[in-house]
1. Given the condition within 8 Å of another protein chain (Cβ to nearest Cβ) and touching a Lys or Arg at 6+ places or on another chain (Cβ under 7 Å), answer yes or no: does some residue in region B:89-106 qualify?
2. Could you please find all residues in region B:95-116 being buried (at least 22 other Cβ atoms within 10 Å of the Cβ) and free of Cβ contacts under 8 Å to residues at least 40 places away in the same chain?
3. Would you mind finding the one in B:32, B:25, B:51, B:59 that is touching a His at 6+ places or on another chain (Cβ under 8 Å) and acidic (Asp, Glu)?
4. Identify all residues within region A:214-257 that are surrounded by fewer than 20 Cβ atoms within 10 Å (Cβ to Cβ) and acidic (Asp, Glu); write none if there are none.
5. Return a yes/no flag: does region A:195-205 have any residue that is among the β-branched types (Val, Ile, Thr), within 26 Å of residue A:150 (Cα to Cα), out of contact with any helix residue (DSSP H, G or I) (no Cβ under 8 Å at 6 or more places or on another chain) and in the same structural domain as residue A:159 (by the TED database).
6. Keeping to region A:656-665, report how many residues are surrounded by fewer than 20 Cβ atoms within 10 Å (Cβ to Cβ) and either at pLDDT below 85 or in contact with an Asp or Glu (Cβ under 7 Å, 6 or more places away or on another chain) (or both).
7. Take region A:854-867 and flag every residue that is over 12 Å from residue A:913 (Cα atoms) and at pLDDT below 80.
8. Criterion first (farther than 17 Å from residue B:132 by Cβ, within 8 Å of another protein chain (Cβ to nearest Cβ) and free of Cβ contacts under 8 Å to residues at least 24 places away in the same chain) does residue B:76 satisfy it?
Amino acid sequence: MGLKLQQSYHHSVTLKVNEQMGTKRGYTFIQANRAWLPKFLLLWVMVMAFLSTWIYKKMDADNKVRRKEVLSSMCDQRARMLQDQFSVSVNHVHALAILVSTFHYYKDPSAIDQETFAEYTARTAFERPLLSGVAYAERVVHSEREKFERQHGWTIKTMKREPSPIRDEYAPVIFSQETVSYIESLDMMSGEEDRENILRARATGKAVLTSPFRLLGSHHLGVVLTFPVYKSKLPPSPTEQERIEATAGYLGGAFDVESLVENLLGQLAGNQAILVNVYDITNSSDHLIMYGHQNQDGDLALLHESKLDFGDPFRKHQMICRYHQKAPTSWTALTTAFLFFVICLLVGYILYGAAIHIVKVEDDFHEMEELKVRAEAADVAKSQFLATVSHEIRTPMNGILGMLALLLDTDLSSTQRDYAQTAQVCGKALITLINEVLDRAKIEAGKLELETVPFDLRSILDDVLSLFSEKSRNKGVELAVFVSDKVPEMVMGDPGRFRQIITNLVGNSVKFTERGHIFVKVHLAENPKPMEGPKAETYLNGGSDEDALVSGARQFKTLSGYEAADERNSWDSLKHLVADEELRYDASVKMKAADEASQSVTLMVSVEDTGIGIPLIAQDRVFMPFMQADSSTSRNYGGTGIGLSITKCLVELMGGHISFISRPQVGSTFSFTTVFGRCKRASFSDTKKPNAEDLPSGFRGLKAVVVDGKPVRAAVTRYHLKRLGMLVEFANSVKIAASACGKNGSSCGSKTQPDIVLVEKDSWLSGEDGGLSLRTLDRQQNGHVLKSPKMILLATNITNAELEKAKAAGFADTTIMKPLRASMVAACLQQVLGTGKKRQPGRGMLNGSSVLGSLLCGKKILVVDDNMVNRRVAAGALKKFGAAVECAESGKAALKLLQLPHSFDACFMDIQMPEMDGFEATRRIRMMESQANEQMNGGTEEGSIRTGEWHIPILAMTADVIHATYDECLKCGMDGYVSKPFEEENLYLAVAKFFKTKPISDS
Amino acid sequence: MDLVQLQRQFVDYRTSLYHEGFLDEQFTQLQELQDENNPDFVVEVVSLFFEDSERLLNELARALEQQSIDYKRIDAHVHQLKGSSSSIGAQRVQKVCIAFRNYCEEQNVEGCLKCLQQVRHEYSLVKTKLESLFQVRLPCRREIFFLSKMVLP
């Protein structure tokens, strides 16, 4: 390319095209020729300079041509005019000659004398403007000289005014115009010029001119015109001799050429501009000047010659015109060329600049691209590094934690124990952090997949709450959850991730809240606007507003009475929600059908706290990873600030969005929406079974009165009691409750008698007469009915003194510590009411394994492992959670046991076994099942009875938890895997999928 | 007084076992599985382990004495041994098993024999330790059970 360009270096058009192509074709061309760019510019400038010079020259030449044309036209015009005027004068002289011959010679005596001639010529002088004067000289031969002199009375003189010497003939002037009267009697033949003239004139019979000479009178340059006058009439074509013979005299006139031409030119325009010279060029080698200066100034470069014909064929004349001044510099041309050059220069520079810029931008772009690739690589490396490191850290951390646990088992001094416990807490925090980082890395890598399984949202919320109950109780913070009745019991979604979100948010709230409450609320996002009309007051009295002001301090209608950031969660809105539900309760059956028409349900979850809030400046980076309100936050409260960013990611993955309202020193409310699928009716009714199992049904239909001054809190209590199937009423204070009970008791009898009275600690303490009225209540009950209602105190935290006081006041039955959970309330009520102790609440109720226990309890599980010891351990572990375990020591044995129909609920399968490994065994089991299913579907009767198909959950037991193994497991039809040796959490996660969601139809 | 001392002794001893690497947390888990319904669980499992291991060790010794050694079979045996040792948390045995399997894969007779020696050695060590641990606890199994429940998280 470069070479080609070089060849076309001096071709402007090619260059231009190339440059344009360069800009158009984009970076490849420019980039490839970047080294040439300055040369292009130089070339461009040179070409443009050349072009502008050319333009200048062309314009200049045009100008010159025009100038020349103007000059020649002016010159010709002048020549023509001069010639015309000259010939007019000559004609007149001719006429004079005829006049003289007519009146002087043909008349006898002569009719003209000097006087007449002078007068006539003077009066007709205007006809001959070029002639300074005319005179008539008579031809006198020497023989007649004396007669002539006598007749005129003077002698013939020469030009020098001396008496003429003797000659052959003379031509003395007899008549003259007054202007030239001084030449009278002068012999014209005596002058060299005149003599020649006279001889030529009489020979030709025409006007002849002398060469220019200085005239006698004016000393101007002039010529003399001579015309012959003949005595007799000439023959039609006379010979020269005949003419000479017939000659009578000569009429002469002096042309004052100088003043003549001056006069003439003065009349014409452009006189100043041009310089005119008139020459006699009869002798071609020696031009005689007739007019103008001999030494020429003016513009010598340009001249124009015009021929002049004054009627004398012997003489040749010429007019030469020049410009007075040299051709002026053509400013227009110069300016045009210069401007053109400048513009082109600028254009070139702009193009050059653009090209340079493009090159620069492209360089930057490439650099950026490279950096981007590197950054991405770094990002990938970071994620990999994080994943690897997290994983690698977890292994030793497990060791550390295990050792710490063991260390705590030993006998330690209190200081040592404190140290060890601190270390353990830190270790756990570290593990949590690592898990979070891993999560975040997974989300970033897009590897996080959500599962879609049915789950019970309420029980998850209860679980999360129980997780934080200890902490919140220690801080004296009230923790509560409320789920709208319209939220379906079972939804489809990812329970683990939902739990993570809630845990994150609640954990955050717990961390930053020192007083007040944390309130989790769930309702349908597409909740219609609360009805304004019927405000269903469910209070026993109507005056709920009266505790808006309690003891001077402003009380807010929130859960704990502290102000919350977002008013939407206050009682005013909740009231509508509750009221709405009350109203729709009857219609709920109909509603359900309508609700289920839509496939998904959007839930609005809000977590409200009355903590320190988020500073306004920090609010816009709350969801950015590793960003906390300020650096002191992590010092005071710990944490890395990654939790919320993960939460946001998760919420967005679940098809919702998260937002928050926060007021510093007031609190924060985080709200998010999620989209869950609805469970199908069939599975809904199925899942009802284990759910009901979870919450004892023994309280169905019991009546409870909740005594609480704070409506929101009362609503929460009611929500939990309602889940147990109880009928709930509110009372604003103990007194009201007591009176209401009394009234009810007397009027309606025991039918509406409450079975349980739940009293909030605050309401009990705030009422001065609390104790008293309680006793009254108690007494009244005792008086009227056989069975007295059970009195239960609800408290977030309670001191021993208060407890004593409570017992004294009549709360002998029990105290329920908050946060409330349906299962815990159930356990307490069981204890109080002494009903159905089928299940052992106590220990199992309170720790995590209860869930696993409830999951596995009564399930029949097959453990397949060739290793005796492993088999025994696995069986032991499962039995511990209440499962009935059967063992098989090989894949074949397992196949035999699993011949359809069988009664197993699940199968744990070792992978590496002799003869038939776990994969193979699973494949065969699945084959068997699919055959059975086909047969079943073939026979419609059977198919209609069975809701589910044969599919026993098979879980692999494996020591290596490499991903590839997991894939292999899924490929051959297994449902999951548990790592060996069993860990409770691990086991739970694996098992939960099946037993919560998949009620085994044939058990 | 006696009980407290016994408890102390038991805990110390067990801790030493952890420290020397004879046992790992799997053994802790195993102990957790023991409850009222299943009071002899740990002893039961451990004796199962002894039984099984002795059988396997004999098998291994026999297999390695053969003229043409069947490495596949040896590998299967070692795998079994590894599985059961990891199940009760005898981690030193387990580690030697891993090395053993590597030699097996290389079909290295000498390495295998060396490993067999080591496995035997480790096995007898852990056996002695466990037996003495149970002797510590056997006389007062019930008490120990409760103690271990209390002490363990």
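1. No, that holds for no residue.
2. Taking region B:95-116 and keeping what is buried (at least 22 other Cβ atoms within 10 Å of the Cβ), we get B:96-97, B:100, B:104, B:112, B:115.
Within region B:95-116, B:96, B:97, B:100, B:104, B:115 meet the criteria.
3. Within the list B:32, B:25, B:51, B:59, the selection yields B:59.
4. Residues satisfying the conditions are A:240, A:242, A:245.
5. no
6. 3
7. Within region A:854-867, A:854, A:855, A:856, A:857, A:858, A:859 qualify.
8. Spelling it out, residue B:76 is indeed farther than 17 Å from residue B:132 by Cβ, within 8 Å of another protein chain (Cβ to nearest Cβ) and free of Cβ contacts under 8 Å to residues at least 24 places away in the same chain.
The values are calculated or read from the model by the stated rules, or taken from the named source; none is laboratory data. Everything quoted here is computed from the prediction, not taken from an experiment. Backbone-built Cβ (ideal geometry, glycine too); neighbour counts: all protein chains shown.
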